[in-house]
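As structure tokens, the structure follows; a few thoughts come after it.
The values are calculated or read from the model by the stated rules, or taken from the named source; none is laboratory data. All values reported here derive from a predicted model rather than from experimental measurement. Note that each Cβ is placed from the backbone with ideal geometry, even for glycine, and that neighbours are counted across all protein chains shown. Heads up: the accessible areas ignore ligands, DNA and RNA and are worked out on the full protein's heavy atoms, side chains in. Shrake-Rupley method; radii C 1.70, N 1.55, O 1.52, S 1.80 Å.
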Amino acid sequence: ICLRLHPSIVERYLHEDAYHFDLETKYCHKDAILFRNIFTLVNEIQHGMPNGNLFADGLSLAIVGLLNHHYNHQLHRTLSQSKCLSTMQQAKIRELVDTNLDTDLSIERLASEVYISPYHFARLFRETFGMPPHRYVMQMRIARAAHLLHADQQRTITDIALATGFASHAHLTCAFKRHMGQPPAFWRLT
């Protein structure tokens, strides 16, 4: 695999750490995690981004983070002392996600809310919430959709899908079935 990263991508995800991003060249090297993330991102793009931009951003960030952590010659990263997001930062993130579930949230937008780089944000978010940002957002979308399915019986499933940030009725059905074990139409009847 030959991977080319434009400097703007590195700066976008690493902010101040981008100035110390100097990768070593490796030949005949295997990194299963990096390989899986790259091919998952390629597959996501080739299929029209069915999981949304936040998922693709998370994969891109994971790729840049892995490269920075494992292959950077100059590992002069200034990591924050904290291992988790503060209580105030958590509240800001929860509020932003809750009030913007119908929009295409990005890691950059979430990170800017708490004034840290996307790279550090993703790491701290995972430590704080026990999952990556895209999974958290997906769980919140499904929870809101489940609530609306029971609370507003007159509303169509397509309308609920769009109101909770899903691209379509089919996207909601697939995600809902995977997380809840049944499609939204059956959930509504229970």
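Data overview
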item: Test for Tyr71: is it touching a strand residue (DSSP E or B) at 6+ places or on another chain (Cβ under 6 Å) and modelled with pLDDT of 80 or more; result: yes
item: Residue check, Arg12 within 19 Å of Pro133 (Cβ to Cβ), open to solvent by 60 Å² or more (accessible area, probe 1.4 Å) and basic (Lys, Arg); result: yes
item: The lone exception for Asn43 - which of (1) at pLDDT 85 or above; (2) within 19 Å of Pro133 (Cβ to Cβ) it fails; result: (2)
item: Residues located in region 142-190, provided they are under 22 Å from Val97 (Cβ atoms) and not in a helix (DSSP H, G or I); result: Asp152, Arg155, Thr164, Gly165, Phe166, Ala167, Ser168
item: Qualifying residue in region 129-143 (condition: charged (D, E, K, R), closer than 29 Å to Met88 by Cβ and buried (at least 19 other Cβ atoms within 10 Å of the Cβ)); result: yes
item: Residue within region 21-33 that is modelled with pLDDT of 80 or more, surrounded by 18 or more Cβ atoms within 10 Å (Cβ to Cβ) and either touching a helix residue (DSSP H, G or I) at 6+ places or on another chain (Cβ under 9 Å) or among the basic types (Lys, Arg) (or both) present; result: no
item: Filter result (over 17 Å from Leu105 (Cα atoms), among the hydrophobic types (A, V, I, L, M, F, W, C) and in contact (Cβ under 8 Å) with a residue 24 or more places away in the chain) within region 33-59; result: Ile33, Leu34, Phe35, Ile38
item: Gly48 being part of a loop (DSSP other than H, G, I, E, B), open to solvent by less than 70 Å² (accessible area, probe 1.4 Å) and either in contact with a Lys or Arg (Cβ under 8 Å, 6 or more places away or on another chain) or not aliphatic (A, V, I, L, M) (or both); result: yes
item: Matching entry among Phe176, Phe125 (being under 17 Å from the mean Cα position of the chain (by Cα) and surrounded by 17 or more Cβ atoms within 10 Å (Cβ to Cβ)); result: Phe125
item: Residue within region 147-155 that is farther than 30 Å from Glu11 by Cβ, surrounded by 20 or more Cβ atoms within 10 Å (Cβ to Cβ) and modelled with pLDDT under 95 present; result: yes
item: Filter result (under 17 Å from Ala91 (Cα atoms), open to solvent by 10 Å² or more (accessible area, probe 1.4 Å) and part of a helix (DSSP H, G or I)) within region 109-122; result: Arg109, Ser112, Glu113, Ala122
item: Residue in region 81-89 that is surrounded by fewer than 16 Cβ atoms within 10 Å (Cβ to Cβ) and touching a Pro at 6+ places or on another chain (Cβ under 9 Å) present; result: no
item: Test: Leu105 is at pLDDT 90 or above, open to solvent by less than 40 Å² (accessible area, probe 1.4 Å) and either assigned to a loop (DSSP other than H, G, I, E, B) or basic (Lys, Arg) (or both); result: yes
item: Some residue of region 60-67 being touching a strand residue (DSSP E or B) at 6+ places or on another chain (Cβ under 7 Å), open to solvent by 30 Å² or more (accessible area, probe 1.4 Å) and touching a residue at least 40 places away in the same chain (Cβ under 8 Å); result: no
